[in-house]
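Scroll down for the structure; my scribbles are underneath it.
The values are calculated or read from the model by the stated rules, or taken from the named source; none is laboratory data. Only a predicted model underlies this, so the values are computations on that prediction, with no experimental measurement involved. Reconstructed Cβ throughout: ideal geometry from the backbone, glycine too, with neighbour counts over all protein chains shown. These area figures cover heavy atoms from the full protein model, side chains too; ligands, DNA and RNA do not enter into them. Shrake-Rupley method; radii C 1.70, N 1.55, O 1.52, S 1.80 Å.
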Amino acid sequence: MSFFPSNSQIQTQNADSRFQATVLVGAPSFPDAIAWSDENLIAVASGHLVTILNPAALPFGPRGLITIKNSQPFPIGVIDRQDLFSNCMLPTILSRDQEPCVRSISWSPVGLAPNAGCLLAVCTTQGFVKLYRSPYCDFCAEWIEVANVSAKLYDYLVSINFGEVRASSSKQQDVNEHEIEPEIDYDPSKQKSSNKIVRASKSKVKPAKEIPVDSTLPLITADQYASRTAMLTSLVVTWSPMLHSPSKICSVPQDGSSMSLLAVGAKSGKVSVWRIPVPECYSVDQSRVPATVALIGILQAHNSWITAIGWALLDSDSSNPKVLLATASTDGSVRIWLGNNEKLLKSSEPSDTSFSLMKEVASDAAPVFVLSVIVPTKSPEKIHLAVGKGSGSLELWICNMSSQKFDKIGTYDAHGQTVTGLAWAFDGQSLYSCSQDNVIRCWILSGSSLCEVPIPSNTPRLRNSTDLPEEFVSCFGLAVSPGNLVIAWVRNTDVEQLNPMYEARTQKAIVEFFWTGGQQVDVFSNNSVHFDTEAIPGFSEELVYWESNFQWSLKQYEMQDKHLVGWDIVTALLAFNHSKPEFVEQVLIKWLSISYLGSHVGIPAETVLLNVSRSCSKVTSRQLHLLNIICRRVILSEMKADEINSKLLNLKGVHGAEKEKQSLWINLLLNSEKELRERLVGFTFSALLSQMPASAPDSPSRNWFPVGLAQMEQWIELNHDHVHSQLKVLASEVGKRDRRFGSSKCIAAEMCSYCLASVPFESPEVAFCSGKGHKLVRCSISMEICPTTPTWFCTCCHRRASKLAPATLFTTPGLPLNFNSLTASPLLEVSFKPLCPFCGILLQRLQPDFLLSASPT
């Protein structure tokens, strides 16, 4: 099928449609130049820089940077001067690239960085791959290198002599006037020049006298040099989803039992697979040890350059999930490999049998530049594979892994130039593509057919971007937000149309953000929509799609295995709330009716809020977390977090029915957080009564130790008339235990960190010392006074934590709730990631305003 861009299609992608944008000082040069992390950070490969953005702080917010510096090639050997002009050496001797730039980037899953965030893998045009973390404790914009993957690969290849058969007899090879050590070439399209290599304008090499005469490098053939160079020259990097050991699939992962795999494709056609486990413990005040990176396999995937890699995880909820790897090459082939789970998870030595070939899919010889793989939640036995080629064509495959059937949906002449980006959205029903022809398209997959639909253009606006350029020449990648309601792409500007003194230097590319919430995707067809769309000018049809996609996105976050990042949901609801608050109210009331009350009937908003408020104990902890985020960040966004935490709420300026409704939302939030606090206290008391903890509070083990018992007992006393009866019984048994073992609450008497005066317990949020009245913050988990050292911070509710909550808190189902049954294991485990007990989002270190930090909500 052929699709040619029309003027109307291109018009929908201009500045009038985007809701925000930001400029870059460097221009991307390779496909997939933009990536969106699970903690809501965006990385853009822009020339010699990787620019890290927070979409919630654009366009003028702080940025993170990774500066790519020139690196020395690995010493792989020297060749005879006469071999310089061999065919295999031509890419090396014609090298002209003066400065390296970024070729490929990929975010890891959440939890691999020392602060529980994401690691960023970066591959350069020189072929080097390194891993970076955020400078959360370094107070700088430059991200910190934690591992040099290429150096580890070099060490391994040297140890096996690059897979070559060693000569039976070796003789000392001295470097003389006929021998030379070329520099490694990494990109034939952008070649490097070298003072040791033949120059483009001269057909002679540098005099031999300038080559070190004491070189100990071995003399190798030109073919050996080219082969070794290809092995070490990486082209693309991609992280796998998080994997867990079989014994931990249905429980909470411990240190060493959870990991991600990093696939690195090279010029040689080989893919090296690296295993990176989660850290033993997380910290906000130090970087701990560098990331543990282990080479577990090298796969000869193709006979030409590896250009794209994708991962898929099937049956992720089972005890033996299937790991799939999709690889693509410049020869036009795409191969799907099945991983050997045991070797991937436990192997201590590299193996070439970690993957077995399942299927090769290829229809023509056009090189493949991008691919995108997704496993739909509704069809966990299938994978959707989209392939973008240098010819501009787009291929779509649906693979049924249970029947080993691979169906080609079709080949589409989607673009006039190379496809540079592909991204699935809405559980594999929507596909976005972009190309160097500067066109972005949206496709809808319905059954076994793919059709193009327009990208929504009439959407809620956030901020103006009128000062940015509107003339572009190419698009080099796109990425979808975690909630699927926003898409971002990066486009190079037409610098010839800009002022050469300023704009042409500082605005070489632009990252644009577009809403996809109004996309025509039938992902919630089982629920009818009841809106008076005609009463909302300009949104008549798209409003229906917005409501459907809101419901779908909220439903996805109710699942415990999905990392909670609601920025796009919150931002879209806030945008609508300014222009059409009644629409936001109807969306949220319907969501509460379906997910919390199990009703589809149109119940009045006041009744729904009252019923949900009374039913907080019957819903899961994840639902309570999501509810708290929506209440704080959308409905009560005008109120300060500290005012809500201290219950010092001010409703001035709100009157009548609006004030009453606002009060209902506030009451709902307070009841939800009270329920979560009671669950936390209940787990603490039950854990103390059910076992004698083997771990000390400061033990590095992931076993959870009950802390803050005295404070929790006092909190029960202060709220005795308002807590669950089961909690009162537990508190009574803890009191009996204290008396039996001779312990007393006085042993936990707290002192002020500044004047050493005593600190009475009056609130679980803050405390005031009895001396000079210093205000002290309490830990949101233990209720103890937080130390003056850096602590975990929640960007949603602004609470702090010096301890981590038990993992059971975040997986708690609704009633009937039995604390004893939930703490029956010999030892409770600390939460796999540092999560806020009230919002469920990833905790982090509070950063100054001028430094980049993630904003999950």
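Structure data summary
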| read-out | value |
| --- | --- |
| Selected residue (only one of Leu624, Leu574 is crowded, with 23+ Cβ neighbours inside 10 Å and either within 26 Å of the chain's Cα centre (by Cα) or not in a helix (DSSP H, G or I) (or both)) | Leu624 |
| Cβ pairs under 9 Å, 6+ apart, first in segment 446-457 and closer than 12 Å to Trp397 by Cα, second open to solvent by 60 Å² or more (accessible area, probe 1.4 Å) and not hydroxyl-bearing (Ser, Thr, Tyr) | Ser448/Asp407; Leu450/Met1 |
| Residues of segment 129-152 classified as surrounded by fewer than 24 Cβ atoms within 10 Å (Cβ to Cβ) and within 27 Å of Pro91 (Cα to Cα), total | 5 |
| Single residue of Lys659, Lys674 found to be modelled with pLDDT of 80 or more, open to solvent by 50 Å² or more (accessible area, probe 1.4 Å) and not in a loop (DSSP other than H, G, I, E, B) | Lys674 |
| Selection within segment 788-811 - part of a loop (DSSP other than H, G, I, E, B) and modelled with pLDDT under 90 | Thr788, Thr789, Pro790, Lys803, Leu804, Ala805 |
| Check on Ala308, within 14 Å of Gly265 (Cα to Cα) and among the hydrophobic types (A, V, I, L, M, F, W, C) | yes |
| Residue in segment 723-733 that is most open to solvent (accessible area, probe 1.4 Å), counting only those that are in a helix (DSSP H, G or I) and in contact (Cβ under 8 Å) with a residue 40 or more places away in the chain | Glu733 |
| Residue check for Gly111: over 26 Å from Gly47 (Cβ atoms) and open to solvent by less than 10 Å² (accessible area, probe 1.4 Å) | yes |
| Test: residue in segment 101-123 that is of a type in the set (Phe, Trp, Tyr), more than 26 Å from Lys508 (Cβ to Cβ) and outside any loop (DSSP other than H, G, I, E, B) | no |
| Some residue of segment 88-99 being part of a helix (DSSP H, G or I), of a type outside the set (Ser, Thr, Tyr), modelled with pLDDT of 95 or more and farther than 30 Å from Val284 by Cα | no |
| Unmet criterion (only one of (1) modelled with pLDDT under 85; (2) touching a helix residue (DSSP H, G or I) at 6+ places or on another chain (Cβ under 8 Å)) for Lys508 | (1) |
| Failed item in (1) under 26 Å from the mean Cα position of the chain (by Cα); (2) under 22 Å from Met259 (Cα atoms), with Thr353 passing the rest | (1) |
| Scan of segment 338-354 for residues that are open to solvent by 20 Å² or more (accessible area, probe 1.4 Å), assigned to a strand (DSSP E or B) and at pLDDT 85 or above, ordered by number | Leu338 |
| Scope segment 631-649; condition more than 21 Å from Ala805 (Cβ to Cβ), of a type in the set (A, V, I, L, M) and touching a residue at least 60 places away in the same chain (Cβ under 8 Å); matching residues | Val634 |
| Residue identified as among the small types (Gly, Ala, Ser), touching a Pro at 6+ places or on another chain (Cβ under 8 Å) and closer than 20 Å to Thr238 by Cα among Ser372, Ser329 | Ser329 |
| Ala294 touching a residue at least 40 places away in the same chain (Cβ under 8 Å) and surrounded by 20 or more Cβ atoms within 10 Å (Cβ to Cβ) | no |
| Breaking point among (1) open to solvent by 80 Å² or more (accessible area, probe 1.4 Å); (2) at pLDDT below 80, for His720 | (2) |
| Segment 336-364 residues that are under 18 Å from Ser240 (Cβ atoms), paired with ones that are of a type in the set (Asp, Glu) and surrounded by fewer than 16 Cβ atoms within 10 Å (Cβ to Cβ) (beta carbon under 8 Å, 6 or more apart) | Ile336/Glu360 |
| Subset of segment 66-95 [surrounded by 21 or more Cβ atoms within 10 Å (Cβ to Cβ), out of contact with any Leu (no Cβ under 8 Å at 6 or more places or on another chain) and among the hydrophobic types (A, V, I, L, M, F, W, C)] | Met89 |
